1. Sort through B:SER4, B:SER23, B:SER17, B:SER10 and tell me the only one that's within 14 Å of chain A (Cβ to nearest Cβ), at pLDDT below 95 and either out of contact with any Lys or Arg (no Cβ under 6 Å at 6 or more places or on another chain) or loosely packed, with under 15 Cβ neighbours inside 10 Å (or both).
2. Go through the stretch B:88-108 residue by residue and tally those that are modelled with pLDDT under 95 and not hydrophobic (A, V, I, L, M, F, W, C).
3. Within the stretch A:68-86, identify whether any single residue is touching a Leu at 6+ places or on another chain (Cβ under 7 Å), of a type outside the set (Ser, Thr, Tyr), under 25 Å from A:SER134 (Cα atoms) and without any contact (Cβ under 8 Å) to a residue 40 or more places away in the chain, and answer yes or no.
4. Go through the residues of the stretch A:123-141 one by one and say whether even a single one is more than 21 Å from B:THR128 (Cα to Cα), modelled with pLDDT of 95 or more and not in a loop (DSSP other than H, G, I, E, B).
5. Here are the criteria: (1) free of Cβ contacts under 8 Å to residues at least 40 places away in the same chain; (2) out of contact with any Phe, Trp or Tyr (no Cβ under 8 Å at 6 or more places or on another chain); (3) within 14 Å of chain B (Cβ to nearest Cβ). Tell me which single one A:SER100 does not satisfy.
6. What are the residues in the stretch B:57-116 that are acidic (Asp, Glu) and under 30 Å from B:ILE205 (Cβ atoms), if any?
7. Output yes when any residue across the stretch B:83-95 is over 30 Å from B:SER182 (Cβ atoms) and either exposed (fewer than 15 other Cβ atoms within 10 Å of the Cβ) or among the polar types (S, T, N, Q) (or both), and no when none is.
8. Does B:ASN119 satisfy the condition of being within 30 Å of B:LEU171 (Cβ to Cβ) and at pLDDT 95 or above?
Amino acid sequence: MNRLKSLSLAVLTFGVTANFALGQASFDFSNISGQLVNINGTTDKISFGANSDNRGLKITAASPFSGLVNYLGSITGSFTIGAVTVAGPSQTAAVSGTGSFKIFETLPSLVALTADLSLVKISSLFGGVSINNSSVVNLSNFQYSGSDPNLLALKNASLIGVVTTSFQFSPNRTLLQLTANGASNSSSYSGTVLTQIPEPSTYAALLAGLTLVVVAVRRRR
Amino acid sequence: MKKSPFPLFSLLVLGASLCSAQSPIDLSFANLANQAIRFDSNLRQITFDADNVTNRGLEITSSNQTGLEGLFGAITGSFTIGTIANPFPGLEIAPLTGSGLFKIFEPNSSTAAFTADLNWVDIATFGTAGVLNTELAVNFSNFQYTGSYAPLTALLGGNLTGTSVVSFQFLPERSLTQLTDSSGPAQHSTSFSGSVLTDAPTVLIPEPSAYAAMIAGVILLGVMWRSRRSAATV
């Protein structure tokens with residue numbers, strides 16, 4: 001029991017210290033022509049379209065790495081919508097599954113910066129639908145082995161990140177309608193990414209927190 | 001006397017090529033690079049960017065009407081955010097006043113365009129997301145187009161009205177209160193996407209390859225008819 005408490009305390013401490021002030025790098029993106037977010041109501045799957053060059057989205061604004069504007073990317077993976085909860089005008093469901101967020105070098109290269117991605121949660125409200133609208137950290141493991149200076153700069157500024165995506169339907173589609181058997185809906189989408197490398201002070205806080213946990217556990221023993 | 005099938009076949013081919021599919025035209029769009037939805041916190045106003053040279057701010061990224069996908073457009077006008085209400089925890093909503101135009105340009109043009117009068121009715125924010133025209137009121141009207149580009153002409157086929165909704169997002173999240181807080185940043189901007197449903201039925205617009213196939217078919221039918229007539233004469 002004590003071990004469980006200690007573990008809980010350690011997780012809590014890590015959670016608090018890992019709650020970074022995000023903002024090292026940010027960029028906005030939108031889907032490119034013909035490549036949409038798709039929701040299959042029969043399988044409850046969310047997918048994002050990509051063309052024959054594996055591109056499905058375009059970076060439309062970036063700070064501070066403005067050279068990333070017009071770079072193309074994609075969202076890959078298999079994501080499944082869970083049980084829908086209705087609260088007032090909003091409908092929400094957890095999303096399981098993992099994928100990748102990619103930003104490619106300029107064509108015809110297939111080399112890309114990649115980050116592991118989870119979508120976390122999907123919510124519908126009025127005609128709008130949003131993914132991860134609680135800003136949970138859902139990008140990790142940024143990888144890039146190429147030499148594009150803009151992608152290298154982003155890679156060097158990104159250890160973890162948050163991506164949120166929004167889209168819409170006219171006529172309105174609630175989450176329950178989107179996940180109904182036989183439903184198949186597609187839409188244009190836009191999104192925003194914030195990435196961060198924890199500052200030294202964050203690492204110090206993390207280390208101090210873990211040390212405190214260890215001391216507390218030892219004392220109890 | 002046996003009737004020639006030629007006129008009948010020709011009519012069938014022409015009819016199949018030109019008939020209407022009858023489902024209402026829908027389209028979705030997204031902002032272009034360096035063009036965003038912009039919030040002025042001092043003026044409490046929303047505007048949409050457009051390129052100074054091309055006048056373009058968005059691209060049609062899908063449509064059930066052939067020929068609309070890939071066209072560029074813009075949203076003009078400024079829209080003022082009214083009193084903010086908080087009807088549900090985390091949800092902020094406010095009326096939007098003001099009017100503008102939704103434009104879709106002809107291919108390779110920055111002036112000749114389909115236009116619709118536009119108002120956004122209201123705006124809501126919830127977490128990182130925001131929506132314009134939450135109740136999906138009919139907010140497009142007075143469709144105008146004087147050009148001859150068939151996919152744009154098709155939009156004039158109904159009661160000249162439509163419903164559009166736009167979504168956007170911010171990280172870190174920005175509530176309506178924050179977006180209109182004049183003591184904070186003067187401007188906030190982000191990417192956006194939107195969907196439109198009109199009351200104009202889709203129109204089948206044959207592509208050049210379809211015309212070529214039709215012409216080849218008609219020629220073949222003509223040859224067959226002549227052969228039969230020659231054989232009958234002999």
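The values are calculated or read from the model by the stated rules, or taken from the named source; none is laboratory data. Just so it is clear, the model here is predicted, and its values are computed rather than measured. Don't worry about glycine lacking a Cβ; one is built from the backbone with ideal geometry, like all the others, and counts go over all protein chains shown.
1. Details: B:SER4 fails: within 14 Å of chain A (Cβ to nearest Cβ); B:SER17 fails: within 14 Å of chain A (Cβ to nearest Cβ); B:SER10 fails: within 14 Å of chain A (Cβ to nearest Cβ).
Step by step, each of B:SER4, B:SER23, B:SER17, B:SER10 is checked, and only B:SER23 is within 14 Å of chain A (Cβ to nearest Cβ), at pLDDT below 95 and either out of contact with any Lys or Arg (no Cβ under 6 Å at 6 or more places or on another chain) or loosely packed, with under 15 Cβ neighbours inside 10 Å (or both).
2. Selection size over the stretch B:88-108: 3.
3. Looking for residues that are touching a Leu at 6+ places or on another chain (Cβ under 7 Å), of a type outside the set (Ser, Thr, Tyr), under 25 Å from A:SER134 (Cα atoms) and without any contact (Cβ under 8 Å) to a residue 40 or more places away in the chain, one finds none in the stretch A:68-86, hence no.
4. Taking the stretch A:123-141 first, the residues more than 21 Å from B:THR128 (Cα to Cα) are A:141.
Add one more test, that the residue is modelled with pLDDT of 95 or more, and what stays is A:141.
So of that shortlist, the ones also not in a loop (DSSP other than H, G, I, E, B) come out as A:141.
Yes.
5. For A:SER100, the exception is condition (3).
6. Step one: of the stretch B:57-116, the residues acidic (Asp, Glu) are B:59, B:69, B:92, B:106.
The answer is B:GLU59, B:GLU69, B:GLU106.
7. Step one: of the stretch B:83-95, the residues over 30 Å from B:SER182 (Cβ atoms) are none.
The answer is no, given that none of the residues of the stretch B:83-95 is over 30 Å from B:SER182 (Cβ atoms) and either exposed (fewer than 15 other Cβ atoms within 10 Å of the Cβ) or among the polar types (S, T, N, Q) (or both).
8. Yes.
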